[in-house]
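Only the coordinates and a few stated rules stand behind these numbers; no lab work does. These figures come from a predicted structure and were not determined experimentally. Note that we place each Cβ from the backbone using ideal geometry, even for glycine, and neighbour counts take in every protein chain shown.
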């Protein structure tokens, strides 16, 4: 590798700092904080819509069909635009190269994914939308293959955004749950990783089968 290439792929302190800030923001660890650290949380920075009347936002209540779906899609724009803006700024500072170095030893043996998927991996814990958009960007930038995307989608789709949905949608069931919240989230994560590896095994079997079939046909 030439000196120019080495300089291009060198991770500076700015890249590591940008990665750390993004990981803290997307992980949601300061979401319930009452101090100034709460300002680092992605959901807090995204904010919320104001109420118009009777606790309803601009989308209203009781909508159905395509029109209600369209209004719901509008509510996703601020989150996705803000997330993509943060990622683009962090990427310009070298955060994705830092993520590749940090997460490769973890994600490659765990699910066969590149280290560059680390940010999407962390963000998918609290937001399925942000994780999906970041995954799409990785594929378009040729940082993730089609098979790796299939495995990653299998991981994200099952029990998506486990932290937010456990405390949000499943909040009513937490008081009667026989397990602590931490154990519940750990089980969800285990099943998500298990499902991703089942898809990984199937893709490996399918590729091996096609190779064997193609070799037999050529022979």
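Details
- If you take the alpha carbon atoms of the chain and fit the smallest convex hull around them, that volume is 193 Å³ per residue.
- Between 0 and 90°, nearest 10: helix 181-218 axis offset from the chain longest Cα axis: 30
- The distance between label points at residue 201 and residue 14 comes to 4.6 nm (points 7 Å beyond Cα on the Cα→Cβ vector).
- Extension gain for residue 106 to residue 179 (0.36 nm times residue separation, less C-alpha to C-alpha distance): 23.5 nm.
- Computed from the C-beta positions of residue 186 and residue 54 and an R0 of 41 Å, the FRET efficiency is 0.60 to the nearest 0.05.
- The packing ranking of peptides 32-41, 197-206, 15-24, highest mean first, is 15-24, 197-206, 32-41, where packing means the average number of other beta carbon atoms within 10 angstrom of each residue.
- Ranked packing of 64-71, 96-103, most packed first, by mean Cβ within 10 Å: 96-103, 64-71
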